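One structure is given here, and the rest of the page talks about it.
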Amino acid sequence: MSRIKDTQEDYINKQIEKRLSQVLSEKKTALSFEHELSNAKYSPDGIKDKNDRLNFYVEFKKKLKRMSCKTWRDFGREPKTTGFETIPFKQFTKNMQASLKATNIVSPDSKLDVIRVTAQYRVIGKYLAGVYYILAYDIDFSAYRH
């Protein structure tokens, strides 16, 4: 008798997980800066040229607006130049790995989602449960092996 209940419970749990996954995939992308690194090396504030820094912020705002109007799935279907690419944690430099581990949402088996803001600047983050957590910025191609 308990075997039947376990099977029914498993079935119900799978249906709940399936529905939650479906709801999250249909939800527009939310953004969070909660785990953003404060290290200037991985921050837009590290962009030395004032005009380049201003350009970064203008393009970053445009990218965030576009992202937040789409589901993560739709955003991921775009080419990496306008969408994102997924990079394994081990491809990041040792310094970046140490900084990312301190956020407590990244582990050595994680994959991170990198968004190109411009040809030379990228945002590094992690998508979890409907939220894209912005963690760091690659402002000089030194955060991971390109």
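The values are calculated or read from the model by the stated rules, or taken from the named source; none is laboratory data. The structure presented is a predicted model; accordingly, all values stated were derived computationally and were not measured. Accessible surface is based on the protein model in full, side chains and every heavy atom, while ligands, DNA and RNA are left aside. Shrake-Rupley method; radii C 1.70, N 1.55, O 1.52, S 1.80 Å.
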Long-range amide H contacts for Leu135: which residues qualify at under 5 Å (H placed 1.01 Å from N, peptide plane, sequence gap of 5 or more or a different chain)?
Ile124, Gly125, Lys126
With all protein chains in place and a 1.4 Å probe, Ile47 shows an accessible area in Å² (nearest 10) of 10 Å²
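When the accessible area of the chain is split by element with a 1.4 Å probe, what percent falls to carbon and sulfur? Spell out each step's value before the answer.
Working: 4750 of 9030 Å².
Summing carbon and sulfur atoms, their accessible area is 53 percent of the total for the chain.
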Close lysine pairs (the stretch 48-129; alpha-carbon distance under 20 Å; 8 or more apart or on separate chains) counted at 27
Computed [θ] at 222 nm, helices only, for the chain once each DSSP H run of length n ≥ 4 contributes -39500 (n - 2.57):
-12500 deg cm²/dmol
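Compute the accessible area per residue over the chain, keeping the other protein chains in place, probe 1.4 Å, unit Å².
Values: 9030 Å² over 146 residues.
Value returned for the chain: 62 Å² of accessible area per residue.
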